[in-house]
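Down below is the structure, laid out as structure tokens.
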Amino acid sequence: MKECVKCGYCCTVGPCFYGVWNPKKGQCEYLTDDNLCSKYKEIQGHSGSKVSPAFGAGCSSSMFNERRDAKIRKDREVV
């Protein structure tokens, strides 16, 4: 698994147990414009949240993932 770069790709594939799918956006309703989970703090208060969802665990879909590639390019430009 590659490191997590907070590209939000996983939330465009399907929602986690806490999420809600937004068919118009094609992503989880709680994915913010900066690719973070707007329910993160709430979810962290639940037992089992250290395992699911796997925030920051790493991208299991790194090949041909344009969202991830774009985030990495953007982050390199800022540095």
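Computed values, structure above
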quantity	calculated
Filter result for Thr32 (without any contact (Cβ under 8 Å) to a residue 40 or more places away in the chain, more than 10 Å from Pro53 (Cβ to Cβ) and of a type in the set (Val, Ile, Thr))	yes
Any pair with Cβ under 8 angstrom, 6 or more apart, that starts in region 43-64 at a residue that is at negative phi and of a type in the set (Phe, Trp, Tyr) and ends at one that is part of a loop (DSSP other than H, G, I, E, B) and modelled with pLDDT of 85 or more	Phe55/Cys4
Search result, residues across region 36-66 that are closer than 14 Å to Tyr9 by Cβ, surrounded by 17 or more Cβ atoms within 10 Å (Cβ to Cβ) and not hydrophobic (A, V, I, L, M, F, W, C)	Pro53, Asn65
Filter result for the condition that a residue is closer than 18 Å to Glu66 by Cβ, small (Gly, Ala, Ser) and in contact with a strand residue (DSSP E or B) (Cβ under 6 Å, 6 or more places away or on another chain), over Gly19, Gly8, Gly14, Gly26	Gly8
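The values are calculated or read from the model by the stated rules, or taken from the named source; none is laboratory data. Predicted model, so just to flag it, every value in this text is computed and none were measured. So basically every Cβ, Gly included, is an ideal-geometry build from the backbone, and we count neighbours across all protein chains shown.
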